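Working notes for the structure below.
The values are calculated or read from the model by the stated rules, or taken from the named source; none is laboratory data. Quick caveat, the model's predicted, so the values are computed rather than measured. Virtual Cβ from ideal backbone geometry, glycine too; neighbours counted across all protein chains shown.
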Amino acid sequence: MLKFNKTRNKVLSAIFIIIVVAAFFLTPTGYYLEVPGTAEDTSQFVKVDGKHDKKKGNLLLTTVGIIQGTPFTLLKSLGNNFETIYSQKDLMGDENSQQYFKVQQYYMKSAQNSAVQAAYSKADKPFTKKYLGVYVMDVMSNSDFKKKLEIGDTITSINGYHFNNADQFIKYVRKQDKHSTVKISFLRDGKKKMASGKLVRLADTKRFGLGITLTDDTEAEGNPPTKIDAGQIGGPSAGLMFTIQVYSQVANKDLKAGRTIAGTGTIAPDGTVGPIGGIEKKIYAASEEGATIFFAPDDPVTKEIKKYEPGYVNNYHLALRAAKKLHTKMKIVPVKNLNDAINYLEKTKQSK
């Protein structure tokens with residue numbers, strides 16, 4: 001009997017150890033890790049006039065990975081220059097993970113639209129901009145539409161009134177009686193829906209509204225037509241590289257010249273390049289993929305930025321630091337706008 005008890009105790013101890021080890025490696029925490037993602041050839045996502053770019057070389061967009069932290073992965077990341085720990089609040093704000101990634105998909109869509117406008121403008125090719133409605137970025141807790149609208153919906157009309165931009169929508173709502181009920185039409189995943197609700201007082205104001213955070217939802221169409229499908233990749237940071245890819249095709253220019261070129265940065269319709277997060281991880285991903293050139297946003301460090309964030313370092317200098325730590329030979333090129341990137345590629349392909 002004593003031998004049986006000892007055997008049983010050993011088995012229970014072993015099971016306990018397995019459970020503890022499993023918990024250490026697998027149990028999710030309230031934290032996330034931002035890690036190096038991938039460097040993807042933009043030509044696979046872009047079609048101009050129904051065709052992919054077949055020229056030799058690569059234009060790589062770069063990503064970061066977001067993974068849910070476990071005790072093991074969080075501990076392992078300590079001291080790693082290319083992994084950053086974030087709480088869910090710091091990473092996603094008040095959004096849950098599903099809402100967060102929904103908004104990231106919107107940012108990607110917006111980046112693609114801006115890429116088409118910037119590229120076609122640079123190539124002196126015609127394009128049109130279609131207004132779809134206002135995109136719902138958030139629904140306030142006190143909103144009467146809290147359980148009727150979702151992040152990602154696009155409101156197309158209110159009380160039958162169709163508008164051409166978010167300002168028109170806001171002005172129309174302001175004219176309504178604060179006790180009135182309004183009826184909205186909206187799109188969700190391509191399907192038309194309707195909902196009614198009362199106006200609510202907006203936080204820190206005396207005004208009444210739907211109680212949502214919104215932005216314009218637009219769609220740019222070029223001639224010849226361009227289609228960009230980034231799949232599950234989200235966020236605005238691929239804007240610059242998509243623009244270079246689209247421009248090279250619509251202008252019929254070989255900017256790659258057989259090279260592997262990577263980069264990051266938001267893009268505005270006028271070609272201005274903006275800063276992004278996680279650039280150190282993107283340098284890592286690009287270097288691993290064999291890129292020889294990396295475009296980094298050279299965003300201005302204004303007095304206003306220094307006032308609120310005294311230690312702020314712009315994307316370009318963060319990229320230089322990351323490249324130095326990696327001992328990579330990849331050339332880090334500062335860009336403020338689309339012309340900077342195109343001019344650099346045109347100039348350097350001659351000396352390749």
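Structure data summary
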quantity	calculated
Strands (runs of 3 or more DSSP E) completely within the stretch 45-89 that count 1 or more residues being out of contact with any helix residue (DSSP H, G or I) (no Cβ under 7 Å at 6 or more places or on another chain), at pLDDT 85 or above and within 10 Å of TYR31 (Cβ to Cβ)	58-68, 84-87
Among residues of the stretch 288-336, those that are of a type in the set (Ser, Thr, Tyr), modelled with pLDDT under 95 and assigned to a loop (DSSP other than H, G, I, E, B), counted	2
Any hit, the stretch 170-185, residues being within 25 Å of GLN104 (Cα to Cα), in contact with a Leu (Cβ under 9 Å, 6 or more places away or on another chain) and not aliphatic (A, V, I, L, M)	no
Unmet criterion (only one of (1) surrounded by fewer than 14 Cβ atoms within 10 Å (Cβ to Cβ); (2) farther than 23 Å from SER110 by Cβ) for LYS146	(1)
Residue match in the stretch 20-29 (condition: touching a strand residue (DSSP E or B) at 6+ places or on another chain (Cβ under 7 Å) and either modelled with pLDDT of 75 or more or outside any helix (DSSP H, G or I) (or both))	yes
Any pair with Cβ under 7 angstrom, 6 or more apart, that starts in the stretch 153-180 at a residue that is in contact (Cβ under 8 Å) with a residue 60 or more places away in the chain and ends at one that is not basic (Lys, Arg)	THR154/LEU132; THR154/GLY133; THR154/VAL134; THR154/TYR135; THR154/PHE186; THR154/LEU187; THR154/ASP217
Selection within the stretch 78-90 - closer than 17 Å to LYS282 by Cβ and either among the aliphatic types (A, V, I, L, M) or in contact with a strand residue (DSSP E or B) (Cβ under 6 Å, 6 or more places away or on another chain) (or both)	PHE82, GLU83, THR84, TYR86
Within the stretch 124-136, tally of residues that are buried (at least 17 other Cβ atoms within 10 Å of the Cβ) and within 15 Å of ASP216 (Cβ to Cβ)	4
Test for SER121: is it assigned by TED's automatic domain parsing to the domain that holds GLY271 and crowded, with 19+ Cβ neighbours inside 10 Å	no
Single residue of the stretch 90-132 satisfying the filter (in a helix (DSSP H, G or I) and more than 15 Å from the chain's Cα centre (by Cα)) that is nearest to GLN68 (Cα to Cα)	ASP90
Residue count, the stretch 337-352 (criterion: of a type in the set (Phe, Trp, Tyr) and in a loop (DSSP other than H, G, I, E, B))	0
Filter result (surrounded by 22 or more Cβ atoms within 10 Å (Cβ to Cβ) and assigned to a loop (DSSP other than H, G, I, E, B)) within the stretch 265-287	GLY265, GLY271, ILE276, GLY278
One residue from LYS307, LYS325, LYS349 being free of Cβ contacts under 8 Å to residues at least 60 places away in the same chain and either farther than 22 Å from ALA238 by Cβ or surrounded by 14 or more Cβ atoms within 10 Å (Cβ to Cβ) (or both)	LYS307
